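S.K.: Okay, here's the structure, questions in a sec.
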Amino acid sequence: VPQLHEIQCTGGEPFISEQFIKLLKYIIETGHAGHIELEITTNGTKFVADVMELLTHFKHTRFLISIDGSGSAYDYIRAPYTYKLLLQRLQFLNEYIESGKISASVEIPVLAMVYNLFSISQLEHDIKDSLRVAQTDAGQFVQITPMLNEGEDRLLIKWLPKEILIEALHDYMQIDNQHRLSGKDSYNFDWIRMLISYIRDDVDEHIAATKHRELKNYTLLMDKILNRDYHDFLHPHIADFLDTIESDL
């Protein structure tokens, strides 16, 4: 600890790790927190007083807050957490940064997937309202990347029908035009370029049909486990698409 300059912690969720909290407390108790910076990947739901007070002792904290969509899409993906709770926690974090109690910077990485394709654009407004002190251009602040997790490829947006991807691209291009008209940089240019590439790419129809069936099976199974219905959470374009897929369940 005396020689440390930075600690990086990912998850699971670091703030529910007893070992991580124990480490932070040890560093504080031994008087070394002042020369150590933290980089923490978190889902943002554990920004409570006990956690924030620990972070006040450290030189600087860089938060990478993983947020998958907004509104009901977030509720669907991140159950049992809710979007309302997340925004409350972010506002609490904002108070600590704004008051100067902690030195911190924030980045919002977003995994784009079938479920949240039409809900990401709302993040810019909601997050900036909650994290006023962290306001930057949305293209830098909210970083959208396609989901590439091994074993989760049924959720990849590239398998969606072209007409749905075109609808999503149209929505994001409108936001981009608004940014340009107001003198801001492009809204997540890499994300827009990725959508365009998916629209242009030829997809094997047999593979796509298999992925669609896997997606429908997975969706229905998780709905049954969590006692919910995707129609109540997902954008109508996505819900209507799921309705067209035959399930094995």
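S.K.: Can you bin the range 180-249 into rounded, prolate or oblate? Criterion: square roots of the alpha carbon gyration tensor eigenvalues sorted a ≥ b ≥ c, rounded for a/c under 1.5, prolate for a/b above b/c, oblate for the rest.
M.R.: oblate
S.K.: When the solvent-accessible surface of protein heavy atoms is calculated with a 1.4 angstrom probe, in what order do His235, His57 fall, highest first?
M.R.: Correct descending sequence by accessible area is His57, His235.
S.K.: Tell me which aspartates and glutamates have Cα within less than 14 Å of Lys128's Cα, excluding those fewer than 8 residues away on the same chain?
M.R.: Correct list for Lys128: Glu95, Glu98, Glu107, Asp137.
S.K.: Could you give the longest part of the chain that holds none of the trypsin sites (Lys or Arg not before Pro) found in DSSP loops with at most 15 neighbouring Cβ atoms within 10 Å?
M.R.: My reading of the result: 102-183 is the longest stretch.
S.K.: First check a/c for the range 17-130, with a ≥ b ≥ c the square roots of the eigenvalues of its C-alpha gyration tensor; if it is under 1.5, answer rounded, and if not, answer prolate when a/b is larger than b/c or oblate otherwise.
M.R.: Since a/c reaches 1.5 and a/b is larger than b/c, the shape of the range 17-130 is classed as prolate.
S.K.: Pull up all non-local amide H partners of Thr61: gap of 5 or more, or a different chain, and H-to-H distance under 5 Å with H placed in the peptide plane.
M.R.: So Thr61 has HN proximity to Leu38, Ser103, Ala104, Ser105.
S.K.: As a test of the formula, what do you get for the chain when each DSSP H run with n ≥ 4 contributes -39,500 (n - 2.57) and the sum is divided by the residue count, at 222 nm and rounded to the nearest 500 deg cm²/dmol?
M.R.: So the calculated ellipticity at 222 nm is -14500 deg cm²/dmol.
S.K.: Cross-link list Lys162/Lys216; Lys25/Lys101; Lys22/Lys84: which exceed 27 angstrom alpha carbon to alpha carbon?
M.R.: Check vs 27 Å cut-off fails for Lys22/Lys84.
S.K.: Another question, then. How large is the dipole of the chain about the Cα centre if only Lys and Arg carry +1 and Asp and Glu carry -1, each at its Cβ, rounded to the nearest 20 debye?
M.R.: My answer is approximately 620 debye.
S.K.: When the chain is fully extended, how far beyond the present Cα-Cα distance does His237 get from Glu163, taking 0.36 nm per residue of separation?
M.R.: So the extension gain works out to 25.7 nm.
S.K.: For Rg and Dmax of the Cα atoms in Å, one of (1) 17.5, 50; (2) 17.5, 58; (3) 20.1, 61 was computed from the structure I shared and the rest are decoys. Which label?
M.R.: Here the calculated entry is (3).
S.K.: OK, next. Between Ser247 and Ser197, how many nm apart are label points set 7 Å from Cα along the C-beta direction?
M.R.: Modelled inter-label distance: 3.3 nm.
S.K.: By accessible area of protein heavy atoms, probe 1.4 Å, what ranking do Asp202, Asp68, Asp229 get, highest first?
M.R.: Per-residue accessible area, sorted high to low, gives Asp202, Asp229, Asp68.
S.K.: Right, something else. Where a Cα-Cα gap under 15 Å defines reach, which aspartates and glutamates qualify for Lys224, not counting those fewer than 8 residues away within the same chain?
M.R.: Asp232, Asp248
S.K.: Moving on to the next point. Under 14 Å from a label point 7 Å along Cα→Cβ of Ser72: give me every residue in the range 203-228 with its amide N that close.
M.R.: Zone members listed by number: 228.
S.K.: When the solvent-accessible surface of protein heavy atoms is calculated with a 1.4 angstrom probe, in what order do Leu181, Leu86 fall, highest first?
M.R.: I get Leu181, Leu86, largest accessible area first.
S.K.: Take Ala79 and Glu13, extend 7 Å from each Cα along the Cα→Cβ direction, and tell me the distance between the two endpoints in nm.
M.R.: 1.6
S.K.: Looking at the chain, which longest stretch skips every one of the GluC sites (Glu not before Pro) that is in a DSSP loop with at most 13 other Cβ atoms within 10 Å, leaving the sites themselves out?
M.R.: No qualifying site falls inside 1-149, the longest such stretch.
S.K.: Expressed as a rounded percentage, what relative contact order does the chain have, with Cα pairs under 8 Å and six or more residues apart?
M.R.: In percent, rounded to a whole number, it is 15.
The values are calculated or read from the model by the stated rules, or taken from the named source; none is laboratory data. What you see is a predicted model; the values in this text were computed from it and never measured. All Cβ positions, glycine included, derive from the backbone under ideal geometry; neighbour counts span all protein chains shown. Accessible surface areas use protein heavy atoms only, side chains included; no ligands, DNA or RNA. Shrake-Rupley method; radii C 1.70, N 1.55, O 1.52, S 1.80 Å.
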